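Structure first, commentary second.
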């Protein structure tokens with residue numbers, strides 16, 4: 001069945017979106033603005049991993065079709081993205097005396113700076129990680145599922161990171177402080193939480209996850225300076241669908257948007273099969289529900305959610 | 001934002017930033033004139049730049065009507081620019097997949113109607129949203145418009161774009177033949193490097209005339225609107241929407257009016273661009289156009305129409321300056337350098353001068369209300385002189 005194949009692809013793509021959307025949502029709730037540089041933070045992570053991987057090489061053995069060196073590169077990607085975000089917070093956002101709209105506009109400038117620097121350094125062309133492309137796992141092929149070991153590695157790593165974040169938020173001191181701050185920053189500060197420090201950790205975690213997402217996106221597709229910016233709106237759609245500020249909502253939203261994105265061919269099959277009357281409506285739907293409009297569908301869902309249920313599917317639930 | 005807040009804002013003299021802008025503009029104009037006379041800058045290309053500056057100024061004026069007046073964070077500038085360009089291109093171009101061959105005036109009308117419809121389509125759902133949601137939603141909807149332009153081949157010719165767009169003055173009584181009728185001129189200021197004015201030059205000067213007309217009308221309308229009671233309501237909404245509502249204003253309807261007004265001006269910029277570039281493709285709907293307009297407005301000063309004009313000129317300086325730099329000095333690809341510069345300008349303005357270079361101070365008051373003469377308009381004439389200077393050559 002083709003359905004299983006689409007679902008499997010959706011799962012892989014969802015993992016990347018989830019990694020991006022968690023960070024965006026965390027920053028949205030704790031730093032209190034829509035960070036338009038988040039997509040480009042992913043790109044920064046991806047290119048940092050590319051450079052690191054080129055420098056350290058494979059380092060011998062391999063897990064899930066990925067050499068050890070790739071995991072070093074992944075760690076480097078996470079670290080560089082986090083450092084870039086913290087530096088930006090310290091140098092740009094923190095000294096700014098402005099409201100959340102001013103920060104939003106500034107973050108667009110930051111996004112362009114990241115992308116401009118990367119593009120000057122690496123050119124605008126597509127590149128790939130220097131890992132061997134794998135064939136789809138043979139035992140799954142009869143079910144119509146075409147995933148490689150790399151895809152499995154992406155999903156597994158994403159699950160590890162997400163579970164780690166869950167443990168951090170629920171069971172550590174920092175997690176409790178972050179949740180308190182997301183809930184009510186003023187109250188958090190008067191109860192003695194060092195909000196600046198928590199904010200910095202938020203940037204580290206959010207940008208680190210984005211960096212990981214960027215590395216996986218590069219592994220899943222290719223690397224290009226525009227890759228993060230192109231994904232940014234899809235990630236926003238996921239965050240809004242999940243409910244801004246809710247990390248678990250962002251996970252759910254990321255999962256749903258990723259799935260919907262990859263299931264679009266299936267939807268177009270369904271639309272074709274359904275007897276829709278009148279004929280012009282069917283024709284219009286057939287042309288609009290197609291792979292070219294996979295992102296557009298996510299954006300439209302985003303606007304509808306904003307209108308109908310601005311708190312997202314997770315509702316008012318706390319972080 | 002208070003019009004009387006700045007003590008230097010006395011109506012008799014110029015503020016320091018106004019003097020600065022005037023000085024920079026004059027120096028820039030002088031530089032361009034020298035470059036042109038020595039033959040380093042072709043006069044036709046110079047006029048093309050002036051046209052482009054006018055186009056960005058129009059875009060910025062449109063955005064200013066939305067963000068500067070009412071505080072609407074519209075990130076779908078590129079969509080309105082694109083629908084203006086596509087609207088006229090599809091009506092007039094020989095390569096149009098649907099109509100084609102119509103008069104550019106019909107194209108202008110269709111473009112404006114299409115932009116009006118799109119403004120309602122985007123505005124009705126999004127203008128009720130909180131400011132930051134409006135930003136995200138409008139950027140998303142602009143992407144939807146771009147994807148439609150890219151994929152609906154029967155309508156827009158897809159990624160190939162629309163070719164064969166005529167000049168705006170085709171079919172007009174005198175102006176359509178004006179460039180061919182004008183004699184070629186040869187001006188030799190510096191011996192050995194003559195400046196030659198030919199058909200292309202006259203064509204370009206017609207384009208400049210067109211954009212000056214568009215920008216002049218838009219500027220006059222906006223300036224009048226900004227000072228009117230209507231404009232005052234918009235400014236109230238911008239600073240405190242709840243207050244405006246408490247005063248009994250139907251804020252949603254005011255926001256919609258300012259959104260539509262701005263969108264129509266952006267579409268005008270698109271119409272001009274189509275007849276300047278003679279080609280329109282889906283790449284013209286790239287979000288970067290939106291952010292060019294944003295940079296121009298923020299840099300010029302949100303809410304300031306003169307600032308928007310100034311911002312338009314700066315954008316062209318960045319766009320063409322990077323290309324020039326690449327040709328002459330540093331072999332850096334101009335596209336990423338442009339991105340970097342745009343980013344740095346946004347961050348620097350937000351950090352060091354969030355009110356912009358030419359914040360709206362006396363622009364908001366009727367000159368006679370403070371008993372002064374017409375001096376507040378001096379910087380405008382600075383910009384106009386610069387533009388007019390090219391046309392007089």
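Derivation of every value follows stated rules applied to the coordinates shown; laboratory data play no part. The shown structure was predicted, so the numbers you read here are calculated from the model rather than taken from an experiment. Here the Cβ is made from the backbone with ideal geometry for all residues, glycine too, and neighbour counts use every protein chain on show.
Any chance you could run the full-extension gain for residue A:138 through residue A:86? It's 0.36 nm times the residue separation minus the Cα-Cα distance, nm to one decimal.
14.4 nm
Taking only the alpha-carbon positions of segment A:2-225 and ignoring solvent, what does the Debye formula give for the base-10 log of I(q)/I(0) at q = 0.08, 0.18 Å⁻¹?
Scattering profile of segment A:2-225, log10 relative to I(0): -0.31, -1.28.
What's the exposure ranking of B:48, A:36, B:178, going from fewest to most Cβ atoms within 10 Å?
Going from sparsest to densest Cβ surroundings: B:178, B:48, A:36.
Using only Cα atoms, locate the centre of segment A:198-237 and the centre of segment B:156-173, then give the distance between them in Å, rounded to an integer.
40
Where does each of A:261-268, B:63-70 land if you order them by average Cβ count within 10 Å, highest first?
Result, highest mean first: B:63-70, A:261-268.
For segment B:7-391, what class follows from the C-alpha gyration tensor (a ≥ b ≥ c being the square roots of its eigenvalues): rounded when a/c is under 1.5, otherwise prolate if a/b is larger than b/c, else oblate?
Judged from the Cα gyration tensor, segment B:7-391 comes out oblate (a/c at least 1.5, b/c at or above a/b).
Which of A:65, A:39, A:77 ends up with the largest GNM mean-square fluctuation for chain A, with Cα atoms connected below 10 Å?
A:65
How much length is gained on full extension from residue A:2 to residue A:167, taking 0.36 nm per residue of separation minus their Cα-Cα distance?
My answer for the length gained is 55.8 nm.
Per-residue mean of other chain beta-carbon atoms within 10 angstrom of the beta-carbon, peptide B:347-353?
That works out to 6 on average.
May I ask you to order B:215-223, A:167-175 by the average number of other C-beta atoms within 10 Å around their residues, highest value first?
Most protected by this proxy first, the peptides run B:215-223, A:167-175.
If I take R0 = 22 Å and measure r between the Cβ atoms of residue B:221 and residue B:113 in this structure, what FRET efficiency does the formula 1/(1 + (r/R0)^6) give, to the nearest 0.05?
0.75
Identify which of A:109, A:214, A:69 has the largest mean-square fluctuation in a Gaussian network model of chain A, with springs joining Cα atoms closer than 10 Å.
Largest GNM mean-square fluctuation: A:109.
What ranking of A:199, B:255 emerges when the number of other C-beta atoms within 10 Å of each C-beta is taken as an exposure proxy, fewest first?
Ordered by Cβ neighbours within 10 Å, fewest first: A:199, B:255.
Considering Cα pairs under 8 angstrom that are at least six residues apart, work out the relative contact order of segment A:225-316 and quote it in whole percent.
40 percent.
Taking 45 Å as R0, compute the FRET efficiency from the Cβ-Cβ separation of residue B:45 and residue A:194 and round it to 0.05.
Calculated value: 0.20.
Run the quick spin-label model on residue A:174 and residue A:270: label points 7 Å from Cα toward the beta carbon, then report their separation in nm to one decimal.
4.1
So how do A:248-255, A:126-133, A:14-21 stack up, highest first, on mean other-Cβ count within 10 Å?
In descending order of packing, they fall as A:14-21, A:248-255, A:126-133.
Between segment A:75-119 and segment B:16-46, what is the C-alpha centre distance in whole Å?
Between the Cα centre of segment A:75-119 and that of segment B:16-46, the gap is 34 Å.
Per DSSP H run of at least 4 residues, take -39500 (n - 2.57); add these up for chain A, divide by its residues and hand me the 222 nm value, nearest 500 deg cm²/dmol.
Calculated at 222 nm, the ellipticity per residue is -24000 deg cm²/dmol.
Relative contact order for chain A: what is it in percent, counting Cα pairs under 8 Å that are at least 6 residues apart?
33
At 222 nm, what value in deg cm²/dmol follows for chain B if DSSP H runs of at least 4 each add -39500 (n - 2.57) and the sum is divided by all its residues, to the nearest 500?
About -22000 deg cm²/dmol.
With a Förster radius of 45 Å, plug the Cβ-Cβ distance of residue A:128 and residue B:317 into 1/(1 + (r/R0)^6) and report the FRET value to the nearest 0.05.
After rounding, the FRET efficiency stands at 0.75.
What's the average, rounded to a whole number, of partner chain beta-carbon atoms within 10 Å of each residue's beta-carbon in B:134-146?
6
What is the Cα centroid distance between segment B:210-230 and segment A:1-60, reported in whole angstrom?
46
Would you work out if segment A:178-270 is rounded, prolate or oblate? Take a ≥ b ≥ c from the square roots of the eigenvalues of the alpha-carbon gyration tensor; rounded if a/c is under 1.5, else prolate when a/b is larger than b/c, oblate otherwise.
Taking the square roots of the gyration eigenvalues as a ≥ b ≥ c, segment A:178-270 is oblate.
Quick one: go through segment A:112-147 and flag any residue whose amide nitrogen is under 14 Å from the point 7 Å out along the Cα-to-Cβ line of residue B:159.
So the set is A:126.
Given the Cα-Cα distance of residue A:283 and residue A:62 and 0.36 nm per residue of separation, how much length would full extension add, in nm?
74.6 nm
What ranking do B:286, B:132, B:327 get, fewest neighbouring Cβ atoms within 10 angstrom at the top?
B:327, B:286, B:132
Compute the relative contact order of chain B as a whole-number percentage, counting only Cα pairs closer than 8 Å that sit 6 or more residues apart in sequence.
31
Under the definition of partner shielding as Cβ atoms of other protein chains within 10 Å of a residue Cβ, what is the mean value for peptide A:92-104?
3
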